[in-house]
Amino acid sequence: MKKIILTFLLLTNLTMASDLDYKIGQMIIVGFNGNTVHSPGYKKVLKQLKNNEISGVLLFSKNIKSQNDLIKMNQKLIDNSSLTPFISIDNEGGIIQRYDFYKHKSAKEVSKLDKIDAKEEYKKLAHMQKMLKINLNFAPCVDLEINQDSIIKKKERSYGANPETVSSYAEIFIKEHNKIKIATSIKHFPGHGSVSGDTHKGFVDATNTFQKEELEPYYILKKYNKLNMVMVSHIFNSNIDEIYPASLSEKTIKDLLINEIGFDGIIISDDYDMKAIKDNYSLRDIVVNSINSGINILLFSNNIESKNKNLPAKIKKIIKKEIELGNISIKDIDNSYQKITRLKRKLSS
């Protein structure tokens, strides 16, 4: 009898550990090297998906050799996943798109169209993603065009300086994607339009430039009940948090985005491989602070892949250790898992 009980406890513990591993895996999206199903980098993420180590992948221009190769890669990811994988991309239009076989209009160009033409433009963009087997677009950008020297202005990523205008065009973008079961993520919370710096290149401080109007699109779009996801930036603002940048800040995410604005969907980080974060925080600090702050999905582009070998395994090890130490709550893992699987079911239904 004692042996039976011990065996039962062992199997129960193994099942619980397996469940936790699976849930953690659903919180990780990574980029990869390679542009065909035969590429070593692609084979690596395919294996990680098969083993439930990641939730999905992030596509860049380097991954897109041709339409056919991209479709083959994405279909194989779908066919080999136990749960619909996130196949994500940054396709705002204009400069911010990852393929060159079709040119989409930038947000600035779309803002000059009437709403009917804007709808047609975003219908084309959404159907292109569908054809390519992409189901998550990290767009639209809802940053306000405030600072004329910002990358938002220079790269025509904003619909303008008026929150109502920005929100109205962003809603069209979201609806056209959601109609055909493609998720979207508005960005870059709490706002990137007032700064001149670039978080890809280093630390960016919005303390003296941030304007409250930058939050308005989030309040407005929150009323649109099909809003899927919000991407949080790496911008620092001591008016909100004196210690951490937005993506690692409980005051920014839990207090402001969740509690004050009332957003209850998926919250994803901007790429943690950006220098604003990568050069200033350890992987352990990134993982612990982001989860405790309310981030549901951790995004790593893996563009510095030589330093990030077996990254999902490292993240999983950190999370499990910090749960044991009491530094991460299992409730936050469960909450993220529920949100992620809920959206994935909608995309696959």
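Residues with beta-carbon under 10 Å from that of Phe138, excluding Phe138: net charge, scoring Lys, Arg +1 and Asp, Glu -1? Present the calculation step by step, with values, prior to reporting the outcome.
Values: positive: Lys187; negative: Asp90, Glu92, Asp270, Asp271.
Surrounding charge for Phe138 is -3.
What translational D, rounded to a whole number of µm²/s, comes out for the chain from Stokes-Einstein when the hydrodynamic radius is the Kirkwood one over Cα pairs, at 37 °C and 0.692 mPa s?
Numbers: Rh = 20.6 Å.
D, rounded to a whole number, is 160 µm²/s.
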State the Cα centre-to-centre distance between the range 15-85 and the range 118-195 in whole Å. 25 Å
Of all DSSP beta bridges in the range 27-348, what percent run antiparallel (nearest 5)? 5 percent
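Assuming R0 = 35 Å, what is the FRET efficiency of Lys321 and Tyr219, from their Cβ-Cβ distance, to the nearest 0.05?
Values: r = 38 Å, r/R0 = 1.08.
The formula returns an efficiency of 0.40 here.
Can you tell me how much longer the chain between Lys179 and Asp19 gets when fully stretched, taken as 0.36 nm per residue apart minus their C-alpha distance, in nm with one decimal?
Residue separation times 0.36 nm, minus the Cα-Cα distance, leaves 54.4 nm.
Give the peptides 107-120, 138-151 in descending order of average Cβ contacts within 10 Å, highest first.
138-151, 107-120
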At 7 Å along the Cα-to-beta-carbon direction for both Arg345 and Lys47, put a label point, then send me their distance in nm to one decimal. 3.3 nm
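Can you sort Tyr219, Tyr122 so the residue with the fewest Cβ neighbours within 10 Å comes first? Spell out each step's value before the answer.
Details: Tyr219 14, Tyr122 25.
Fewest-to-most Cβ neighbours within 10 Å comes out as Tyr219, Tyr122.
Normalised by the number of residues in the chain, what is the relative contact order in percent for Cα pairs under 8 Å and 6+ residues apart? Don't skip to the answer; put the middle values down first.
Details: 651 pairs, mean separation 55.5, N = 349.
Relative CO of the chain lands at 16 percent.
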Need the full-extension length gain, Asn239 to Asn68, defined as separation in residues times 0.36 nm minus the C-alpha distance. One decimal, nm. 56.7 nm
Over what distance in Å are the Cα centres of the range 212-246 and the range 270-298 separated? 16 Å
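With n ≥ 4 as the cut-off for DSSP H runs, can you work out [θ] at 222 nm for the chain, using -39500 (n - 2.57) per run divided by the number of residues, rounded to the nearest 500? Could the numbers behind the result be given before it?
Working: 12 runs with 145 residues, N = 349.
The per-residue figure over the chain is -13000 deg cm²/dmol.
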Taking a cut-off of 18 Å, what percent of all Cα-Cα pairs in the range 203-349 are separated by more than that? 59 percent
For Tyr102, project a label point 7 Å along Cα to C-beta. Then give me every residue of the range 119-150 with its amide nitrogen under 13 Å of that point. 120-134
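Sum up the charges of everything whose Cβ sits under 12 Å from the Cβ of Ile54, counting Lys and Arg as +1 and Asp and Glu as -1, but leave Ile54 out.
Values: positive: Lys44, Lys47, Lys50, Lys316; negative: Asp21, Glu53.
Once all neighbours under 12 Å are counted, the net charge is +2.
How charged is the neighbourhood of Ser238? Take every other residue with its Cβ under 11 Å from the Cβ of Ser238, and add Lys/Arg as +1 and Asp/Glu as -1.
Working: positive: Lys251; negative: Asp205, Asp241, Glu242.
Result for the local shell: -2.
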Counting alpha carbon pairs within less than 8 Å and at least 6 residues apart, what relative contact order, in whole percent, applies to the range 244-296? 58 percent
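Here, each number is a calculation from the coordinates, and none is a lab measurement. Here the structure is a predicted model, which means the values were calculated and not measured. Ideal geometry is used to build each Cβ from the backbone, glycine not excepted, and the neighbour counts take in all protein chains shown.
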